[in-house]
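Nothing in this text is a laboratory measurement; each read-out follows from the coordinates by a stated rule. These numbers come from a predicted model, not from an experiment. Here Cβ is always computed from backbone atoms with ideal geometry, including for glycine, and neighbour counts include all displayed protein chains.
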Amino acid sequence: MKPTQQRIDPAKRTILPPEPELSAKAARNIVGVFLFLLAVPLVFEIAARFTPSKTNLAAATVRSGIQWLLLHGLNEGNKTVHVGKDRWLFAQHDLDRLVHARRQGNEVHANLMKLAAQLKAQDTPLLVITIPERAALYPEQIHPGRYAGVIRLKDEAARLAELKAAGVDVLDMSDAMWEARERPPAYFAQDSHWTPEVMKSVALVVNKHVREKFPRLGNTETPIINAKILERSDPGDLALQLDPRHASRLLGDEEADLISIVGMDPSTRSPIVLHVDEQMRVYDDAHLSFGGGTAAPQAGFASQLATLLGRPLDVRGMPEAGETYEEKKLVIILLPMAELVP
């Protein structure tokens, strides 16, 4: 049986106040403030374009403030940096590669095939070590989900097979880095470079591979070196792309412990040539992330591998046309997988 509702006493009725109305003057004030907030950064940006210095302090300050609001309010980056889960940063061109969008081709694979033929003619082995990029190794930070392995493009297998068919010794580190990507992390959250710990683990794998296949190239004597631990902090190159002036305030700094090695300087007389690109010279080049000043810390992949092999290496940039390898016994190329597959 439904309960009987009590009658409302007319004397106790509640009188609702009228809905507030926005006056025309108040509306104009709000619109004026909104337009002012939009115009201020625009004026500073225009001023920065026409002043002699592109580092106009006022424009840079406004830009930093706007980026702080975008990141902390909307979790948004800019046109070159994507903000993922847990504030992981990714270069937009890396994401473009994964979806085959707006990525221009390169000649790296074709040049490798030519180099393989050149070295095969002079009976010099070529070892190519491929390293996966951050976006392929940490896809869950871009799109939530459970992933069984490193993200690969269909062209990767074909490109690697062509190199092997041409006589190239290929050491693909993708699966190994996937298995060990959390112990410790393979990459930083705010920087595009690999961590020192994973860099050293790759150097250990390469050292073992070279000693097993080319035992005469590994020195059995312990080299005389001077090693020193360096504590470094850096906001990360991707964070600097978001805010060049105040990247540390935007997201804070990341920490890295480097092992600086003195006594294994590169030598053109070495029988082993190591080709590395800019991304792989981190910890050796003071101008890259975690450099810590003007002096190169000598803590990068080349220094680590040279120490493990017990001999200096002939360290060069990526192969260029016309390079010679006379009296060389082994050529090693440390190559980001992103460069192999356009």
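Here are some notes:
- Note on the range 106-340: Lys pairs 8 or more places apart or on different chains, Cα atoms under 13 Å apart, count 5.
- Each Cα pair under 8 Å and six or more residues apart adds its sequence gap; the mean of these over the residue count of the range 173-320 is a relative contact order of 26 percent.
- Residues whose placed amide H lies under 5 Å from that of residue 318, excluding near-sequence neighbours: 276
- Summarising the label geometry, the points placed 7 Å from Cα in the beta-carbon direction at residue 117 and residue 165 lie 1.4 nm from one another.
- In sequence order, calculated HN-Hα J values of the range 63-77 (Karplus, 6.51, -1.76, 1.60; Hz; x Gly/Pro): 4, 5, x, 5, 5, 4, 5, 5, 6, 7, x, 10, 6, 10, x
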